[in-house]
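Colleague: Sharing a structure here in structure tokens format.
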Amino acid sequence: MARKTTTKADDATAAAAAAVETALSTEATEATEATEATEATEATEATEATEATEATEATEATEATEATEAAMIGVTCHVKGGRRRAGRRWSEGLTRVARGELTDFDLQVLRGDPRFTVTLPDAAPAEA
């Protein structure tokens, strides 16, 4: 009879060991899954942050370009083949010029010539 008791004790020990191993394995799996989920969330958040930053930078660059263009003087030459006036050659059509590139005298000369239209920033076209 002693032998059967030992066998039952061995069986109980083996069953307890299996239960502990299963519990540990389950905990390890859950921990791995939680880590993977956290890493995936962090990767997604990092990607979204990068995309948001890139979108913001693109918007700012576009706004800066638009602001620069808005601050420029538009000079439209209506002569086919272009014309020289105010010390430079103007191609037919619209040319954008930074405000500091033309003097007040240059602007008066261009405005006084009916073959040009000068558009100042935030102003309607001024025909000569």
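Colleague: Would you check the accessible area of GLU92, probe 1.4 Å, heavy atoms only, in square angstrom rounded to 10?
Modeller: For GLU92, solvent-accessible area is about 110 Å².
Colleague: Can you check what the net charge comes to around ALA18, using other residues whose Cβ is under 14 Å from the Cβ of ALA18 (Lys, Arg +1; Asp, Glu -1)?
Modeller: Its environment carries a net charge of -3.
Colleague: Below 11 angstrom from the Cβ of GLY87, what's the summed charge of the other residues (Lys, Arg +1; Asp, Glu -1)?
Modeller: +2
The values are calculated or read from the model by the stated rules, or taken from the named source; none is laboratory data. Remember, predicted model here, so these are calculated numbers, not experimental data. We place every Cβ from the backbone using ideal geometry, glycine too, and count neighbours over all the protein chains shown. Calculation scope for accessible area: heavy atoms of the full protein, side chains included, ligands and nucleic acids excluded. Shrake-Rupley method; radii C 1.70, N 1.55, O 1.52, S 1.80 Å.
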